[in-house]
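So the structure is just underneath, and the comments pick up after that.
A short reminder: the numbers here are calculations on the coordinates, not readings from a lab. The structure presented is a predicted model; accordingly, all values stated were derived computationally and were not measured. Every residue, glycine as well, gets a Cβ built from its backbone with ideal geometry; the counts of neighbours run over all protein chains shown.
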Ligand SMILES: [Zn+2]
Ligand SMILES: [Zn+2]
């Protein structure tokens with residue numbers, strides 16, 4: 001559990017938030033750029049962990065049918081990115097610039113980079129090549145529980161429940177939205193499937209392995225260096241409830 005405090009420029013709106021937070025995501029879409037005057041860096045926080053003061057001073061702009069953006073009506077500070085469908089999205093995005101506390105967070109994801117302004121480069125060079133993966137599992141509830149537990153030490157969590165529109169139930173996981181990894185119902189995948197998730201530290205790899213075994217996974221390779229892949233390749237392997245191999249790997253030297 002972490003706690004962060006923040007406020008708008010004039011101080012009319014202040015807030016506190018507790019819970020577990022996503023890494024920092026930066027959106028370069030045209031709407032975010034116009035809203036903030038640059039790009040929008042935010043973390044997703046649990047909606048029920050947010051306590052607001054001065055809420056009546058916030059004006060909400062519905063920039064699409066799916067989201068409203070909250071800003072201070074007095075000073076204009078961009079503050080909250082609030083998805084409308086509260087069953088699907090249990091989080092609110094908070095503008096990094098509104099936070100008063102030091103956050104201990106770094107930019108992990110850049111999205112809508114095709115719409116970025118031509119006057120800057122993506123600050124940390126993080127871009128996606130693979131947008132997301134989606135596969136079917138035998139028992140969605142069982143696998144959802146397994147992945148939610150096993151991936152938590154890596155900062156990856158369920159961020160969206162899908163299927164209300166197309167009838168196919170599923171869960172999307174990621175450090176935040178948009179989800180990067182989905183499991184869903186349907187005829188389960190047969191044959192070989194191997195998923196490797198990125199870990200920032202070796203301790204996170206160890207924690208992943210423990211959490212996965214605690215959630216019903218089977219050991220498929222203890223945490224340790226695999227120097228035949230790379231000199232700093234530190235990984236652990238488990239199998240998920242369907243027998244698929246799931247790995248966490250840290251490539252940072254230590
Ligand atoms: Zn203000
Ligand atoms: Zn955006």
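Applying 1/(1 + (r/R0)^6) with R0 = 41 Å to the Cβ-Cβ distance of residue 1 and residue 30 gives a FRET efficiency near 0.70. Once the Cα atoms are used to define both axes, helix 140-151 deviates from the longest principal axis of the chain by about 80 degrees.
Centre-to-centre separation between the Cα atoms of segment 170-205 and those of segment 1-19: 32 Å.
Taking 0.36 nm per intervening residue step and subtracting the Cα-Cα distance, what contour gain separates residue 63 from residue 112 on full extension? Walk me through the intermediate numbers first.
Values: separation 49, 0.36 × 49 = 17.64 nm, distance 1.58 nm.
Gain on stretching residue 63 to residue 112: 16.1 nm.
With the cut-off at 1.5 for a/c, could you classify segment 97-254 from its C-alpha gyration tensor as rounded, prolate or oblate? Oblate, since a/c reaches 1.5 and b/c is not below a/b. Between residue 132 and residue 38, the simple spin-label model (points 7 angstrom out along Cα→Cβ) gives 2.9 nm. Anisotropy class assigned to segment 2-115 is rounded, per the alpha carbon gyration tensor with a/c under the 1.5 cut-off.
How would segment 144-196 be classified by its alpha-carbon gyration tensor: rounded, prolate or oblate, with rounded meaning a/c under 1.5 and the a/b versus b/c comparison settling the rest? It is oblate, given that a/c is not under 1.5 and a/b is not larger than b/c. Among 30, 109, 45, the largest mean-square fluctuation in a Gaussian network model of the chain, built with springs joining Cα atoms closer than 10 Å, belongs to 30.
The stretch between residue 121 and residue 210 holds 28.1 nm of extra length on full extension. This uses 0.36 nm per residue minus the Cα-Cα distance. Every helix of 4 or more DSSP H residues in the chain counts as -39500 (n - 2.57), and over all residues that averages to -4000 deg cm²/dmol at 222 nm. The angle between the Cα long axis of helix 202-214 and the longest principal axis of the Cα atoms of the chain comes to about 70 degrees, rounded to the nearest 10. Spin-label pair residue 105-residue 48: with each label point 7 Å from Cα along the Cα-Cβ axis, the two points sit 2.0 nm from one another. Would you calculate the separation in nanometres between label points at residue 152 and residue 231, each defined as 7 Å from the Cα along the Cα-to-beta-carbon direction? Between residue 152 and residue 231, the label points sit 3.7 nm apart.
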